[in-house]
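What follows is a set of notes on a single structure, which appears directly below.
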Amino acid sequence: ATYIKEHTKPSDFIYQNRWETEVYFLSHRRSPTRHIDHLSMTALPDVDRAMNELARDIYYKEPKYIIWFNPRPGEIPELVVGPIVKMKYEVETEIDGVKIYRLRKNS
């Protein structure tokens, strides 16, 4: 959270790919999507709609940083956000096994 706070403005979006939602609170930054907890997304009546909304939010709102912790194959972050990360982001740093991707300037 400290790294994110030091490298962003309060108006910047950030996104974390797992269940560490406290990073939003600790960095005083906001998510580009209302779907910040992937486990709870699987309990929604229309998971496909939620996944499409998540992809749209990440793609168009372009969070400055995506905090990517050990995405597991077949999980929502890897399936939905993974392709966007590959398309628009590059690794800026890694802290304790957590990769922090930064939006490419020419995306």
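Taking a ≥ b ≥ c as the square roots of the Cα gyration tensor eigenvalues, with a/c under 1.5 meaning rounded and otherwise prolate when a/b beats b/c, else oblate, which class fits the range 47-90? Verdict is oblate for the range 47-90.
Compute the acute angle (0 to 90°) between the alpha-carbon long axis of helix 47-61 and the principal axis of greatest extent of the alpha-carbon atoms of the chain; round to the nearest 10°. Tilt of helix 47-61: around 30 degrees.
Across the range 90-99, coupling constants 3J(HN,Hα) worked out from phi with the 6.51/-1.76/1.60 Karplus curve, θ = phi - 60°, read 9, 5, 9, 7, 9, 10, 6, x, 9, 7 Hz, and Gly and Pro carry x. For residue 92, the residues 5 or more places off, or on other chains, whose built amide H falls under 5 Å of its own are 100, 101, 102. Against the empirical 2.2 N^0.38 Å (N residues), the range 68-107 has a Cα radius of gyration ratio of 1.17.
DSSP beta bridges confined to the chain are antiparallel in about 75 percent of cases.
Sorted largest first, the spans of the alpha carbon positions of the chain along the three principal axes are 38, 28, 26 Å. At a probe radius of 1.4 angstrom, the accessible area of the chain per residue rounds to 59 square angstrom. Once neighbouring chains are kept in place and the probe is 1.4 Å, which whole percent of the accessible area of the range 33-107 is contributed by carbon and sulfur? Summing carbon and sulfur atoms, their accessible area is 51 percent of the total for the range 33-107.
Charge dipole (Cα centre; +1 on Lys/Arg Cβ, -1 on Asp/Glu Cβ; no other charges) of the chain amounts to roughly 420 debye. FRET efficiency for the residue 42 to residue 2 pair, using the beta carbon distance and R₀ = 30 Å, is estimated at 0.45.
Extension gain, residue 28-residue 61: 0.36 nm per intervening residue step, less the Cα-Cα distance, totals 10.1 nm.
Exposed loop sites are taken as trypsin sites (Lys or Arg not before Pro) in a DSSP loop (any state but H, G, I, E or B) with at most 13 other beta carbon atoms within 10 Å; the longest stretch of the chain without one runs 35-103.
The values are calculated or read from the model by the stated rules, or taken from the named source; none is laboratory data. All values derive from a computational prediction rather than experimental measurement. Virtual Cβ from ideal backbone geometry, glycine too; neighbours counted across all protein chains shown. The protein model used for the area step is the full one, side chains on, heavy atoms only, and it has no ligands, DNA or RNA in it. Shrake-Rupley method; radii C 1.70, N 1.55, O 1.52, S 1.80 Å.
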